[in-house]
Every structure is written in structure tokens, then in C-alpha cells.
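Working notes, beginning with the structure itself.
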Amino acid sequence: MAKIQLFDTYTREVREFQSLKPGKVGLYTCGPTVYNFAHLGNMRTYIFEDLLRRMFEFNGYEVEHVMNITDVGHLVSDADTGEDKMEKGSRRTGKTAWEIAEFYTAEFRKDLARLLIFEPTIWCRATDHITEQIDFIRCIEEKGFTYRTSDGIYFDTNKLPSYGYLGRLDIEGLQAGARIDMGEKHNPTDFALWKFSPAGEKRQMEWSSPWGVGFPGWHIECSAMSAKYLGPYFDIHCGGEDHITVHHTNEIAQTEACYGTRLANFWLHAYFLQLDDSVRMSKSSGDFLRVETLVEMGYDPLAYRMFCLNASYRQKLNFSWDGLDAAAKSLDRLRAITYELGDPGTVDEDYLARFTEMINDDLNMARAIALTWELVRSDLPPDVRKATLLKFDTVLGLNLSNWKPQVEEAPAEVLDLLSQRQQARADKRWQDADAIRERITAAGWELMDTPEGPKLKQRRG
Ligand code: AMP
Ligand code: ZN
């Protein structure tokens with residue numbers, strides 16, 4: 001198999017990828033918290049993960065791709081305080097937490113489809129895996145890493161010497177700077193594994209457990225479900241950059257405590273999409289851009305995919321309308337050119353090898369796109385260019401094969417004028433025919449007499 005190099009956040013270096021099982025890749029990608037719509041920033045991370053998966057499939061690997069749906073336990077603050085995002089969403093909309101989860105999961109899948117992001121091979125909901133999470137917490141407890149406070153069962157990060165390595169956390173600095181509002185936690189980095197339902201309050205989502213009625217902490221679902229579907233040590237774990245210091249750091253701590261592994265061989269993170277040079281997009285801020293927003297504005301959602309393809313996933317990306325317009329334009333051009341190349345022939349091996357090398361080089365999609373344009377302009381026969389473009393598109397995901405130019409359908413009255421004109425010409429009433437042509441022009445349509453008969457084209461400007 002061809003060489004694949006990836007930047008691993010755990011070691012902070014580009015390393016050669018070797019799969020743990022021959023020909024297979026186990027991939028876990030943290031999924032959405034379904035209390036609101038996903039925004040374009042979230043979708044940047046999912047596009048990156050989709051490209052990663054497609055790159056492996058392009059190289060002949062079978063990818064076992066697991067994605068979770070966080071439908072419980074993600075609190076408003078990453079420090080395990082505040083309300084559960086689902087219960088808060090429930091108060092905001094007047095729907096039950098369960099209905100909200102259902103609704104936003106369906107919306108999320110719609111967004112995936114519109115961006116041609118493959119669905120995972122396994123979806124898993126946190127609320128469907130409460131037993132697995134309880135068992136996992138038990139395992140951590142048996143190994144001596146937990147303690148109890150009045151509001152839950154916590155992970156004692158001080159007991160794990162490697163704690164915080166992924167995020168290169170300055171544990172001593174954090175300890176020294178810990179504020180009083182640590183509550184009953186022993187260390188500022190300790191986190192909840194199980195939270196008790198508040199006394200006297202019935203939550204919509206709560207379960208009994210060996211420790212009391214409550215709900216799992218946010219991080220435990222990913223350790224428990226990845227272990228169930230991919231085993232306690234698998235190839236790659238992904239997410240957005242915000243997950244490095246808290247969520248993924250805590251997932252690793254849980255799995256290390258229970259199984260002694262660092263969960264995944266590679267840790268890959270997509271950097272944020274931001275609205276200007278500093279403001280990250282965030283679901284909790286309320287005013288964010290969605291795929292739906294783009295559709296309403298008349299954009300093809302794949303223009304956003306094209307926009308993302310031009311930048312390295314390891315750098316923050318500034319969203320701009322100019323950038324999106326430019327991406328939309330080049331996508332249109334690429335599709336029109338591909339269409340005009342006609343039927344595909346055989347793939348050009350040299351271009352294929354160069355493309356493979358670029359995508360295998362830590363997903364260098366900007367170079368792969370530049371190569372695509374080079375191929376388009378090359379003097380290879382059209383059918384070879386077409387076949388090679390379609391092959392590239394199995395990774396790019398720009399729907400190059402199915403695209404067709406839109407046939408402009410003239411309104412009924414213009415079609416009626418056209419048939420009147422045809423009749424006038426057949427009757428050799430040339431003046432009438434010319435007068436009707438002028439009426440067609442006045443209605444905003446251009447009439448062209450071609451060898452295959454008359455054609456109508458909408459006039460612009
Ligand atoms: P959430 O639904 O908030 O749990 O986030 C879903 C995914 O989107 C996670 O992998 C986050 O790290 C990622 N994410 C959140 N905000 C952004 C952003 N502005 N740009 C890119 N990825 C993001
Ligand atoms: Zn996760």
C-alpha cells in the first residue's frame with residue numbers, strides 16, 4: 001500500500017500511518033451534540049473527517065467509521081457545571097429532550113447529505129449505551145481513579161501521571177491558579193463521570209446506577225462506545241481543535257485508567273472556521289451560518305465543500321462571502337468542463353500517482369485541487385481527462401459525475417410564440433415570422449435557428 005503520512009496531535013509530529021489491522025482502519029469521530037443545528041464551523045470538521053475517510057478508501061482500506069450522537073450529558077460549561085444542553089434546548093423550544101434529539105439528528109443527517117459527507121458505518125447514541133457507560137465507570141472505579149462528591153462521581157486526574165499529555169496541559173500551573181469555584185473537586189482538571197439528578201428534581205433524561213439516579217458525564221460516552229465498536233485501542237480518533245484540551249484529554253484518561261491504552265494510535269484535529277480573524281463560530285452564540293442558510297441564499301452546498309478543500313485542515317479558516325463566491329465559481333467551471341469532456345476512457349496513471357501522493361501527504365487538498373486544474377488544462381485526450389477527474393472526485397466529493405447543465409425551460413407563452421413562428425415560416429409568411437421573433441426577444445428570450453431546429457436561450461443583462 002502507498003505511504004500515508006498524518007499529523008498526530010498526540011506526538012505533535014507527522015508520522016507514517018500503519019494500520020493496526022491489515023487493510024482496515026478503525027476511525028472514531030466525535031459527533032454532534034443534538035440540541036441545535038450544526039453550523040458551518042462544525043461542518044468544516046465533518047468535511048475534513050470525510051476527506052480522511054475517502055483518502056483511506058481511495059488507498060484501498062476498508063474504513064470502520066463510528067460516530068456518536070451526544071444526546072445527554074453535555075453541560076453548558078465544559079467544566080461540568082451548568083445545565084445539560086439538551087434540557088436547556090428543551091426549555092427553549094417547549095419540546096421534550098428526546099424530541100429535540102430526534103429532530104436535530106435528522107437535520108444533521110440532512111446537512112451531511114447536502115455536503116456529500118458519507119454517513120459513518122456505525123452511528124451510536126449516548127442514550128442507547130447507558131449500560132456500557134456505567135460498566136466503564138465501574139472499571140475506572142475498580143482501578144481506584146474515582147471519588148464521590150455531593151453531585152456526582154469524579155475522575156481524580158491527580159492519580160494518572162500522564163494526564164493532560166495530549167493537550168500539553170500545565171497541570172502545576174492549573175493547580176496553582178485554581179479558583180475557589182472548584183467546588184468539591186479535588187483538582188481543577190477533575191471531571192464528572194456520573195452526575196446525580198439534582199435533589200427534588202426529575203430530569204427528562206435520567207437513569208439509575210450503582211451510585212444513584214443521574215446521567216453520564218459527557219466524556220465517558222466516547223470511551224465506552226469506541227471501545228465497544230472499535231476496541232480499546234484503534235487507529236484514528238478525530239474531532240475539532242477545541243476537543244484537544246478537555247474532551248479528548250479526558251477520553252484518554254478514562255481509557256488509560258481502565259485499559260491502559262491511549263485509546264487511538266493517531267489523534268487528528270481540524271482547526272476552526274471563524275467569522276473574522278478571531279471569532280469562532282459557536283452553536284451557543286445563536287447567530288451562526290448553516291448549510292440551510294447557504295441553500296436559502298441560492299448557493300449549492302458543495303460550494304462550501306470546495307471552499308474548505310482549498311485550505312489545510314490544520315489551519316484556522318476565515319469564512320468570507322468573497323471566498324465562498326470564488327469557490328462556487330470554480331466549482332461551476334470544473335463541473336461544466338467535466339461535463340463537456342464526454343464519456344470517460346481510462347485513468348491516467350501518472351496523474352493518479354501524483355494525486356495519491358498529495359492526498360496521502362497529510363491530506364494536502366490544496367495541492368490536489370491545483371493538480372485537478374492542471375489535469376483539466378493538460379493535452380491528454382478528453383476521455384482520459386474525464387476518467388481521471390471522476391477518479392479524483394471519489395475523494396473530492398464534488399459530484400462531478402452526475403452534474404448536468406440546467407436546461408432552461410421557457411414559459412408557456414414563449415413556447416406558444418415559437419410554435420406560431422414555426423407555422424408562419426411553414427406558410428412562408430416571412431413578415432409574420434419576423435414579427436413573432438421580435439415578440440420572443442421582447443419577452444427576454446433569444447431565438448437561434450440551429451441545424452437541429454430552433455433553440456431558445458434566456459437573455460441576460
Ligand atoms: P459539537 O456539536 O459542539 O459537539 O461539535 C461538533 C464538532 O464540531 C466537534 O468536533 C467540534 O470540535 C467541531 N467544531 C465546533 N466548532 C467549530 C468551528 N468553529 N470550526 C470547526 N469545527 C468546529
Ligand atoms: Zn468524543
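For Cα pairs less than 8 Å apart in space and 6+ apart in sequence, what is the mean separation divided by the residue count of segment 5-270, i.e. the relative contact order in percent? Let's see the in-between values first.
On the way: 433 pairs, mean separation 63.8, N = 266.
Normalised by residue count, the contact order of segment 5-270 is 24 percent.
Find how much the distance from THR394 to GLU340 grows on full extension, using 0.36 nm per residue of separation minus their present alpha carbon separation; answer in nm with one decimal.
Values: separation 54, 0.36 × 54 = 19.44 nm, distance 1.90 nm.
That pair, THR394 and GLU340, stretches by 17.5 nm at full extension.
Roughly how many debye, to the nearest 20, is the charge dipole of segment 257-409 about its Cα centre, given +1 on each Lys and Arg Cβ, -1 on each Asp and Glu Cβ, and no other charges?
Details: 17 positive and 23 negative charges, 126 e Å.
For segment 257-409, the charge dipole is close to 600 debye.
Quick one: if you stick a label point 7 Å off each Cα along the C-beta vector at SER162 and ALA199, how many nm between them?
Each label point lies 7 Å from its Cα, and together they span 4.0 nm.
Enumerate the amide H contacts of LYS24 below 5 Å, restricted to partners 5 or more residues apart or on another chain; note that Pro and chain-start residues carry no placed amide H.
GLU62
Normalised radius of gyration for the chain, please: alpha carbon Rg relative to 2.2 N^0.38 Å, two decimal places. Could you put the intermediate results ahead of the total?
Details: Rg = 27.7 Å, N = 461, 2.2 N^0.38 = 22.6 Å.
Cα-based Rg divided by the globular estimate yields 1.22.
Treating only the Cβ of Lys, Arg, Asp and Glu as charged (+1, +1, -1, -1), what charge dipole size does the chain show about its Cα centre? Round to the nearest 20 debye. If you can, show how the numbers build up before the last one.
Working: 55 positive and 71 negative charges, 94 e Å.
It comes to approximately 460 debye.
With a 1.4 Å probe and every protein chain left in place, work out the accessible area per residue of the chain in Å², rounded to a whole number. Please list the in-between numbers first.
On the way: 21220 Å² over 461 residues.
It amounts to 46 Å² per residue over the chain.
Mind checking the dipole of segment 130-212: about its Cα centre, +1 per Lys or Arg Cβ, -1 per Asp or Glu Cβ, Debye to the nearest 20?
Details: 10 positive and 13 negative charges, 8 e Å.
The calculation lands at about 40 debye.
State which entries of LYS329/LYS386; LYS110/LYS228; LYS159/LYS202 exceed 22 angstrom in Cα-Cα distance in the structure shown.
In this structure, LYS110/LYS228; LYS159/LYS202 lie more than 22 Å apart at Cα.
Looking at THR45, GLY60, GLY94, which one has the Cα that reaches farthest to the positive end of the dipole of segment 42-98 (charges on Cβ: Lys, Arg +1; Asp, Glu -1)?
Towards the positive end, the residue furthest out is GLY94.
Rounded, prolate or oblate, given the Cα gyration tensor of segment 5-270, with a/c below 1.5 counting as rounded? Don't skip to the end; give the middle numbers.
On the way: a/c = 1.72, a/b = 1.20, b/c = 1.44.
Oblate.
At 1.4 Å probe size, with the rest of the protein present, what percent of the exposed accessible area of the chain is carbon and sulfur atoms?
Values: 10500 of 21220 Å².
The nonpolar share, carbon plus sulfur, comes to 49 percent.
Of VAL291, HIS243, TYR10, which is farthest along the charge dipole of the chain in the positive direction, counting Lys and Arg as +1 and Asp and Glu as -1 at C-beta?
Selected residue: VAL291.
Taking the Cβ-Cβ separation of TRP373 and GLU16 as r and a Förster radius of 22 Å, what is the calculated FRET efficiency to the nearest 0.05?
On the way: r = 29 Å, r/R0 = 1.31.
Working from the Cβ atoms, E equals 0.15.
Mind grabbing the accessible area of VAL246 for me, 1.4 Å probe, Å², rounded to tens?
Its heavy atoms expose roughly 40 Å² to the probe.
The values are calculated or read from the model by the stated rules, or taken from the named source; none is laboratory data. As the structure is a computational prediction, the values presented were derived from the model and not from experiment. Heads up, the Cβs are rebuilt from the backbone with ideal geometry, glycines too, and the neighbour counts pull from every protein chain shown. The accessibility values were calculated without ligands, DNA or RNA, using every heavy atom of the protein model including side chains. Shrake-Rupley method; radii C 1.70, N 1.55, O 1.52, S 1.80 Å.
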